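Read the structure below first, then the notes.
The values are calculated or read from the model by the stated rules, or taken from the named source; none is laboratory data. Predicted, not measured: the structure shown is a model, and the values here were computed from it. In this analysis, Cβ positions are derived from the backbone assuming ideal geometry, glycine residues included, and neighbour counts consider all displayed protein chains.
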């Protein structure tokens, strides 16, 4: 039975990924910070919940790093992320606070987990899969309010490609998935800023992407179906940005 570590597993895309992996004979270690794990996860003998604040490096070293040492996952899914707004007119200290926290949660933490994952698999001479949940914003950019988010996801995509270049030959493959707006709690932040119609105005559909559709793509990659697409980005954004 394969073991997957899913960050941000308690809600949204992370919950759907975790639920689908459990239904397909994976063991899952899932992380959460503020929100509670769903009862359906807690009732599964194949699920282990871990609480950690990804904006605090000591939390990562205390609660997450031992997972790689004691029960190294076969699949790492970096899904945890934050979506904070800060206009360019914001004072410098507040603006940089949003940037620093966004980079720590969205990019630095996922990169550090990837480092631990790779080092363990190299040591064990075993294969592994890294799946990074990036964003359409990594390619298209975003509005000024969410420039930090776009930059963090752009960094995640570049980091994924760097992993693929050096470690695919070692049996460790890495992919990015770049969703557009997905119908989750995180999307509500954008609705509060722009209004609901904004989220689908560029889409070729009248509805937002559903999180279970992203989860099915993650499962396909986690099962090792397309190893020679290592380094690739899979775009799932309702046709709102085609590349």
Practice problem: Determine if region 116-139 includes at least one residue that is within 23 Å of residue 67 (Cβ to Cβ), touching a residue at least 40 places away in the same chain (Cβ under 8 Å), out of contact with any strand residue (DSSP E or B) (no Cβ under 7 Å at 6 or more places or on another chain) and surrounded by 16 or more Cβ atoms within 10 Å (Cβ to Cβ). | Solution: yes
Residue 151: passes all of (1) in contact (Cβ under 8 Å) with a residue 40 or more places away in the chain; (2) closer than 17 Å to residue 178 by Cα; (3) in contact with a helix residue (DSSP H, G or I) (Cβ under 6 Å, 6 or more places away or on another chain) but (3)
Of the residues in region 168-181, those that are closer than 14 Å to residue 241 by Cβ and touching a residue at least 60 places away in the same chain (Cβ under 8 Å) come to 179, 180
Per the list (1) touching a helix residue (DSSP H, G or I) at 6+ places or on another chain (Cβ under 9 Å); (2) more than 25 Å from residue 16 (Cα to Cα); (3) surrounded by fewer than 20 Cβ atoms within 10 Å (Cβ to Cβ); (4) touching a residue at least 60 places away in the same chain (Cβ under 8 Å), residue check on residue 165 breaks on (1)
Considering region 172-209, residues that are in a loop (DSSP other than H, G, I, E, B), touching a helix residue (DSSP H, G or I) at 6+ places or on another chain (Cβ under 8 Å) and closer than 24 Å to residue 35 by Cβ, and then whichever is modelled with the highest pLDDT, we arrive at 181
